[in-house]
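The values are calculated or read from the model by the stated rules, or taken from the named source; none is laboratory data. Please read these numbers as outputs of a predicted model, since none were measured by experiment. Here the Cβ positions follow ideal geometry from the backbone for every residue, glycine too, while neighbour counts run over all protein chains shown. These area figures cover heavy atoms from the full protein model, side chains too; ligands, DNA and RNA do not enter into them. Shrake-Rupley method; radii C 1.70, N 1.55, O 1.52, S 1.80 Å.
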Amino acid sequence: MMAANLGNALALLAALIDTPLAPRAAIWAALMFLFCGFLYVRTRRRGGAGGSRATAGASRRAIINALLLGLLWAAPPLLFFHAARPGAQLMIVTLTAGTLFGGAFALSRTPLAAAAFALPVALASAATLLAGADGDLTRLAIVLCIYVAVLGRGVLVEAARFRAQFLAQTAAEHQARTDPLTGLPNRRAFIDAMERELARMRRHGGSFLLLCLDFDGFKLINDDLGHLAGDELLSQAAERMRAALRGTDFVGRLGGDEFAVIATEVGCEDSARLLAARIVACFEAPFDLEGRPVHCAVSVGGALGPRHGGDQQALFRSADLALYQAKAQGGGWRLFEPAA
């Protein structure tokens, strides 16, 4: 899109280069080049992120950029059309119309950005045509308004189609990354969260805590009360853990009765102990399973990154070893201790 804008700006400048309008056209083209260059450099620095990674801030920036670009393209009809030669007028009309429709469709997946770009160009073009006090130009203004109305409807249809497609894709991704029983992130989502936290730690330093959890005696509950009761226990336990953790923590179900937690900005044993104690405490009250109070404790093993591992496998290995030590001592909590 930026390449098309620059090409159109050069074409307009070439049409006016040997006329008294050349200085103003050169200033306008320079502004277009500066603006497109700014957008290109900023996009490169941001990594060109888009799609599901787009944020509300990115949408606002897109709307502002589209508005600025639309204002730039609103200038040629107002500044050059009436003073230009017939051939240059035809070039202005062609470039303005092409940019108007091409830009609006290119931005159609963001309707507000498309409107922010198209409205200044359309209003300036209509005002220029109507100001000519010529019957043919007035009829052209009417045709322009009809085409812009059709363009607006097309943009809305495309936006609605894209929104439906995006929502369907988002729902499918959410389903693929969510445990259907507890509603918690599943193993796949948890692994991705671990990678993000490790990447953040490598870039900015700091630390975090990985906790691995395993229910004590869960198999006996399944055998005695049935799998439905076991599933209900897992669901209730998930709700209790959500309530016990901080808003910045990430809890997921890895499978069976295995859960894991990523606790951000936890770098010392005291903080790790306090967080693990909250999780252990939320299992002290009995669970209500089919009207029967059932007790189920939990064993928790923890590892601190990067002290106990600088990558995912090493951290999971350390937390699992701590979990086995906790189970061996009869439950409760253990932090990984390297062998002497």
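Some values worked out for this structure:
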| quantity | calculated |
| --- | --- |
| Estimated dipole of the stretch 114-271 in Debye, rounded to 20 [Cβ of Lys and Arg +1, of Asp and Glu -1, Cα centre] | 920 |
| 17 Å cut-off, amide nitrogen to a point 7 angstrom out along ASP18 Cα→Cβ, residues in the stretch 67-101 | 84-91 |
| Sparse-neighbour loop sites [GluC sites (Glu not before Pro); the stretch 237-340; at most 15 other C-beta within 10 Å; DSSP] | GLU265, GLU284, GLU290 |
| Distance in nm between pseudo-label sites at ASP231 and PHE162 (7 Å out along the Cβ direction from Cα) | 4.0 |
| Read-out Cα Rg over 2.2 N^0.38 Å, derived from the coordinates shown; its label in (1) 1.29; (2) 0.96; (3) 1.54 | (3) |
| Whole-Hz ³J(HN,Hα) from phi, Karplus 6.51 cos²θ - 1.76 cosθ + 1.60, for the stretch 134-143, glycine and proline x | 10, x, 5, 5, 5, 5, 4, 5, 5, 4 |
| Nearest-0.05 FRET efficiency for ALA26 and ARG153, computed from C-beta distance (R0 51 Å) | 0.85 |
| Contour excess over end-to-end distance, with Cα ends at ILE191 and ARG242 and 0.36 nm allotted per residue | 16.5 nm |
| Dipole of the stretch 126-220, positive end: most advanced residue of LEU198, LEU129, VAL150 [Cβ charges, Cα centre] | LEU198 |
| Total formal charge among the other residues, if their Cβ is under 14 angstrom from that of THR182, Lys/Arg +1 and Asp/Glu -1 | -1 |
| Label-point separation, MET201 to LEU34 (7 Å along Cα→Cβ), nm | 4.7 |
| Phi to ³J(HN,Hα) by Karplus 6.51 cos²θ - 1.76 cosθ + 1.60 over the stretch 151-163, Hz, x for Gly, Pro | 4, x, 5, x, 4, 5, 5, 5, 5, 5, 4, 5, 4 |
| Label point at LEU220 placed 7 Å out along Cα→Cβ; residues across the stretch 270-314 whose backbone nitrogen lies under 20 Å | 280-300 |
| Chain lengthening between ARG278 and ALA127 when straightened (0.36 nm per residue, less Cα-Cα) | 47.6 nm |
| Surface accessible to a 1.4 Å probe, per residue, for the residues of the stretch 182-300, Å² | 46 |
| Virtual spin-label span in nm between GLN89 and THR264, 7 Å along Cα→Cβ | 6.1 |
| Spin-label zone in the stretch 57-92 - amide nitrogen under 16 Å from a point set 7 Å from the Cα of LEU112 along the C-beta vector | 57-68 |
